[in-house]
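The structure appears right after this line, and notes come after that.
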Amino acid sequence: MKRLYALILASLALAAGIALIQTRSPTTFAVGQGRVLPAEWLQPNPNPATPKADIRPADQTFLTFPEWFLVFSPEEQALAFQNRTSTAFPFMAHVAQFWQSYRIVNDQIKDAFPVNASYHVMICVIGVSTTVEYALKATYEALVGRLTDTGAPITAEDRYNAEYMADYVAFIKDHPWYEFDYSTRFKSLWTSTPLVGGSFMRKMERRYFLTTELIAKLLYAKLIGFGTHQAYDRPLPTTAVVLVKDSLVHLPRYDRFAQAAGTLAARGEAFKEIAGNTSAILLSVLVPAYGPTAFEDSRTLFTQPLASDPTRKRVVLAAPVPFLDRLLVRLGQANLPVEHVFDY
Amino acid sequence: MAWNDKLPVSYLLFTPKGRINRFTYWSTSVFIWPSFYVLFNLLGWLSPSATWLIYPPLFWALYCTATKRLHDGNRSAHWLWMLFLPIAGPLVIIFLLGFMKGTFQGNRFGPNPDAAPDYFKNPDAEKIPNLKSEERIVNDVTQLNPVLVSKVAAPQTIEELRDIIRTTDKFICIGGGRFSMGGQTASPNALHIDMRKLDKVIAFSPGERTIKVQAGIRWCDIQKHVDAHDLSIKVMQTYANFTVGGSLSVNCHGRYIGLGPVILSVRSLDAILANGDLVHASPTENPDIFFACVGCYNAIAVIAQVELDLEANVAVRRSHVKMRRDTYKQYFFSKVRENKDVVFHNGDIYPPLYRNMRAVIWIRTVEKPTVKTRLMPLAAAYPLERYFIGAFSKSAFGKWRREYLIDPLVFAVKRIHYRNYEAGYDVLELEPESRKQCTYVLQEYFVAVEKFDAFSTLMAEIFQRHKVNVINVSIRHAKADSGSLLAWAKEEVFAFVVWYKQGTADADKGAVAVWTRELIDAALSQGGSYYLPYQPHATAEQFHRAYPRAKQLFALKKKLDPSFKFRNVLWDTYYKAD
């Protein structure tokens, strides 16, 4: 056993060395150390004009980033799976991006706001479960998926996977992920996907992989759904916005907020409060790989090259609510799509 | 050393034969996966297709280690087909490989890799390379006392043994398990009789609660024999490796309350005198022979057969209490001595300050045992014990950790098991990894119960002054001996079992002799004595002061063994000098 222990030590040391070398090529680029936003951008709104029921904590714009990253990640996957199978997808790069960006957004708020412990717990739960899921997938794909991989998605099962991922992304933009209908997906995998066809080994292997994924997620979604109903209230479906002209409007929350706010800004409306807040609001913009990363009236926190699409990168920035209209207009003029406005 | 320690790692990783336990499986996994990660990345930097090279060895190693682990639970490798069942299959396999205990007994794939097939045994006398004569080197468990003997005989019947004793014109020395620590089983150029083949049970009466055995049998063998009848040995030592003949010759004791030296549980014995006569002796029949046999180190005869008392094999529950050393005597007399439910008791004095003690008692109970087996399961190795003993003996900080961290944790665990279990420890758990530089050795001192404080204070002072690396001082209680000529319990006594670490160089042995003689003087000053199965450092004067009836024994030896046939290092030291 002594020789085995020596070998274990040697292999662990080498593995640590390799891991160290790999951290030399980061997946998220912070713009500065620690907090980069001016303190006055993080002041709470003393006298909100927004009705009390529509007010949400100001730090939530930052805290919702990790959650939304778990929408961006499947979105990237859905896009990538159109042209190649999931086997070569850089799952571990996404894990790294999740944790690194979480640290950066948290650096902005940790001294300015009281700690929202239950939100951090939630982020850690989804972070850890995604890390486990992606690590298992990456290992499985490297060990087994690679043996049957066809490169392009030529089997019905690989195409099914791409479809399922696209539907999933469309769903979670407006719903909690755990309400996704996994059981119907599982049934249709086995009933409406043809069993015969070329690349038989790949077909069988993918069936095994998808069956495992769908059943595991079905069970986990039930568990989380149950836990979430116990621990958190159902979220509001709208975001209240007070415009400079002192009118209160209710915009759709989450994914469609960016578009609605963009339309208002394009019409020349300016924002006074969003969900009762006047402090900095976070948004992400998709920019060509060598495109601009800094914009007037805002501060950029970090950039992330899209792990699955080297021609583009995500720029995550923050601007005070009163500057948002100008920023949106400017981005629209530059033809840079706003990926998301984190509406608290 | 366990068999699997000797095999190369490649055998472990690349052959699907045999069994491995959970720990080994996890260890190999901790080797395989990082290795895969390293090679995958290194080869990937060369060229992504080069990584294909590592898949065959990876899958083969995963298959082999998984197969070995399945074997451990008496399952064949066909269970791996389960992996094709989504979700449940991999979960079951992960459970079976990583968490399911192996079968306790041997199975169709081999013996339990964690279990030893038998108690630790001292090896047969060592052959000398290239020597044509029958000379052998006999050593004891400490390996500190090699003695060259002219020949080794291992009789299988009592008749054969009698013939050897009657016909031999050489000197004779007797050995059983050879767990004494000072050459009590050997004498230079003598014929060494290895008693371990005389291991039969002659008669067993569960109703009468007696058993008659040949003297070469080990206590663990008797335990196996009587356990099915819910019986237990009345008096024996904690470790069950010893032979009955050896234990009787040193008049051993255990941790029993209300008992004492083993002589109190011996109904009768058959001894072979130097002329080959077989004599039946008991406290009432031939008492002079009986009391010159038990505890008398083969001075006048060889113990060949013994009839022993048995007791009910009750379940016992452990409890403990920590106290100052100076309050122990009071505690013992008020809580332990008269408590009929206490079966075992010992007190451990904590070095290096010798100020605190932990009293451990095992009380008769009707509760369900906390262990699965009735008898002590034997492990192939005791890595944890070895680590702790090493840590305790390394420094004062190690001793502090034991007193304040390890022992409180160890004793917090509820322990209930049978009397046979608690008297069934294997000496292997005390064995050091190597004796090249140092080894663990025992000594023992006895004083009358009322002298506990006086002697323990003297002892502590001697240990501290000589910087003796004491690992533990265990206190036992014994009632007075029934009459052995070399009785160490001349009255009701406390025994101080000292377990210490010493260097194996000659200078270290000399240093031990110095403080040992000081400690013997301390015991003698309190009217006590010291124990003889250990290194014979005592002067002849000390020996006779501790054992005043030795003169009587020597007189009997002159009569019954006029040619000084029965020898060992003890008699070579004290009888010859007489």
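The values are calculated or read from the model by the stated rules, or taken from the named source; none is laboratory data. All of these numbers come straight from a predicted model, not from anything done at the bench. So basically every Cβ, Gly included, is an ideal-geometry build from the backbone, and we count neighbours across all protein chains shown.
Criterion applied to B:Arg19, B:Arg69 was being in contact with a strand residue (DSSP E or B) (Cβ under 7 Å, 6 or more places away or on another chain), closer than 30 Å to B:Arg386 by Cβ and buried (at least 18 other Cβ atoms within 10 Å of the Cβ), and the one residue passing it is B:Arg19.
Among the residues of region A:236-252, those identified as farther than 15 Å from A:Leu324 by Cα, touching a helix residue (DSSP H, G or I) at 6+ places or on another chain (Cβ under 9 Å) and not in a strand (DSSP E or B) are A:Leu236, A:Pro237. Could you list, in sequence order, the residues of region A:277-336 that are basic (Lys, Arg) and in contact with an Asp or Glu (Cβ under 6 Å, 6 or more places away or on another chain)? Residue satisfying the conditions is A:Arg326 alone.
Taken over region B:389-408, the criterion of being hydroxyl-bearing (Ser, Thr, Tyr) and either at pLDDT below 90 or in contact with a Ser or Thr (Cβ under 6 Å, 6 or more places away or on another chain) (or both) is satisfied by B:Ser393, B:Ser395.
Of the residues screened, B:Phe204 is one that is assigned to a strand (DSSP E or B), not assigned by TED's automatic domain parsing to the domain that holds B:Glu429 and not basic (Lys, Arg). Selection within region A:1-50: residues that are within 14 Å of another protein chain (Cβ to nearest Cβ) and not in a helix (DSSP H, G or I). The member of this set that is farthest from the chain's Cα centre (by Cα) is A:Met1.
Take the residues of region B:224-254 that are out of contact with any strand residue (DSSP E or B) (no Cβ under 7 Å at 6 or more places or on another chain) and more than 23 Å from B:Phe494 (Cα to Cα): which is surrounded by the most Cβ atoms within 10 Å (Cβ to Cβ)? Looking at residues that are out of contact with any strand residue (DSSP E or B) (no Cβ under 7 Å at 6 or more places or on another chain) and more than 23 Å from B:Phe494 (Cα to Cα), I get B:Asp227.
Filtering region B:495-534 to residues that are touching a residue at least 12 places away in the same chain (Cβ under 8 Å), assigned to a helix (DSSP H, G or I) and either among the aliphatic types (A, V, I, L, M) or in contact with a Leu (Cβ under 7 Å, 6 or more places away or on another chain) (or both) leaves B:Ala511, B:Val512, B:Ala513, B:Val514, B:Leu519, B:Ile520, B:Ala522, B:Ala523, B:Leu524. Criterion applied to B:Val213, B:Val152 was being touching a helix residue (DSSP H, G or I) at 6+ places or on another chain (Cβ under 9 Å), not assigned by TED's automatic domain parsing to the domain that holds B:Pro432 and not in a loop (DSSP other than H, G, I, E, B), and the one residue passing it is B:Val213. Residues of region A:142-159 that are away from chain B (no Cβ under 13 Å), closer than 16 Å to A:Ala78 by Cα and surrounded by fewer than 20 Cβ atoms within 10 Å (Cβ to Cβ): A:Ala152, A:Ile154, A:Arg159. For region B:365-375, the count of residues that are touching a residue at least 60 places away in the same chain (Cβ under 8 Å), under 16 Å from the mean Cα position of the chain (by Cα) and more than 22 Å from B:Phe23 (Cα to Cα) is at least one.
Step by step: first the residues of region B:551-576, then only those that are touching a Leu at 6+ places or on another chain (Cβ under 8 Å) and of a type outside the set (D, E, K, R), then the one that is farthest from B:Ser187 (Cα to Cα). Which residue is that? Once the filter is applied, the top-ranked residue is B:Gln552.
Taking region A:239-249 as the range and being within 15 Å of A:Val341 (Cα to Cα) and either free of Cβ contacts under 8 Å to residues at least 60 places away in the same chain or in contact with a Ser or Thr (Cβ under 9 Å, 6 or more places away or on another chain) (or both) as the test, the residues that pass are A:Ala240, A:Val241. Taken over region B:440-471, the criterion of being under 20 Å from the mean Cα position of the chain (by Cα) and either in a helix (DSSP H, G or I) or within 22 Å of B:Val250 (Cα to Cα) (or both) is satisfied by B:Tyr440, B:Val441, B:Leu442, B:Gln443, B:Glu444, B:Tyr445. Residues in region A:205-213: is at least one part of a helix (DSSP H, G or I), loosely packed, with under 15 Cβ neighbours inside 10 Å and without any contact (Cβ under 8 Å) to a residue 12 or more places away in the chain? No, the conditions are met nowhere in region A:205-213. Residues in region B:430-451 that are out of contact with any strand residue (DSSP E or B) (no Cβ under 8 Å at 6 or more places or on another chain) and closer than 28 Å to B:Ile222 by Cβ: B:Glu431 alone. Any residue at all in region A:217-229 that is farther than 30 Å from B:Gly89 by Cβ and under 27 Å from the mean Cα position of the chain (by Cα)? Yes, that holds for at least one residue. Restricting the search to region B:537-578, which residues are among the aliphatic types (A, V, I, L, M), more than 17 Å from B:Asp288 (Cβ to Cβ) and surrounded by 15 or more Cβ atoms within 10 Å (Cβ to Cβ)? B:Ala538, B:Ala546, B:Val569, B:Leu570, listed by residue number. Listed by first and then second residue, the pairs linking a residue in region B:395-407 that is assigned by TED's automatic domain parsing to the domain that holds B:Ser319 and in a helix (DSSP H, G or I) to a residue that is small (Gly, Ala, Ser) and at pLDDT below 90, with Cβ atoms under 7 Å apart and 6 or more places separating them unless they lie on different chains, are B:Gly398/B:Ala391; B:Arg401/B:Ala391.
So that you can scan it fast, the table gives a plain yes or no per residue for (1) away from chain A (no Cβ under 11 Å); (2) under 30 Å from B:Lys372 (Cβ atoms); (3) surrounded by 15 or more Cβ atoms within 10 Å (Cβ to Cβ):
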{"site": "B:Thr24", "(1), (2), (3)": "no, yes, yes"}
{"site": "B:Trp45", "(1), (2), (3)": "no, no, no"}
{"site": "B:Pro48", "(1), (2), (3)": "no, no, no"}
{"site": "B:Pro57", "(1), (2), (3)": "yes, no, yes"}
{"site": "B:Gly73", "(1), (2), (3)": "yes, yes, yes"}
{"site": "B:Leu91", "(1), (2), (3)": "no, yes, no"}
{"site": "B:Gly98", "(1), (2), (3)": "yes, yes, no"}
{"site": "B:Gln105", "(1), (2), (3)": "yes, yes, no"}
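Selection of first residues in region B:264-291 that are at negative phi and of second residues that are assigned to a loop (DSSP other than H, G, I, E, B) and basic (Lys, Arg), restricted to Cβ pairs under 8 Å at least 6 apart or on distinct chains, gives the following pairs, ordered by first then second residue: B:Leu264/B:Lys234; B:Leu264/B:Lys479; B:Ser265/B:Lys234; B:Ala274/B:Lys565. Against the conditions (1) surrounded by 15 or more Cβ atoms within 10 Å (Cβ to Cβ); (2) more than 14 Å from chain B (Cβ to nearest Cβ), A:Ala53 satisfies every one except (1). For A:Val128, the test of being within 14 Å of another protein chain (Cβ to nearest Cβ), without any contact (Cβ under 8 Å) to a residue 40 or more places away in the chain and either more than 26 Å from B:Asn41 (Cβ to Cβ) or within 17 Å of the chain's Cα centre (by Cα) (or both) is failed.
In region B:309-341, which residue that is aliphatic (A, V, I, L, M) and within 23 Å of B:Leu409 (Cα to Cα) is surrounded by the most Cβ atoms within 10 Å (Cβ to Cβ)? Result: B:Val316.
Picking from residues in region B:62-71 that are away from every other protein chain (no Cβ under 12 Å) and among the aliphatic types (A, V, I, L, M), the one that is farthest from B:Gly110 (Cα to Cα) is B:Ala66.
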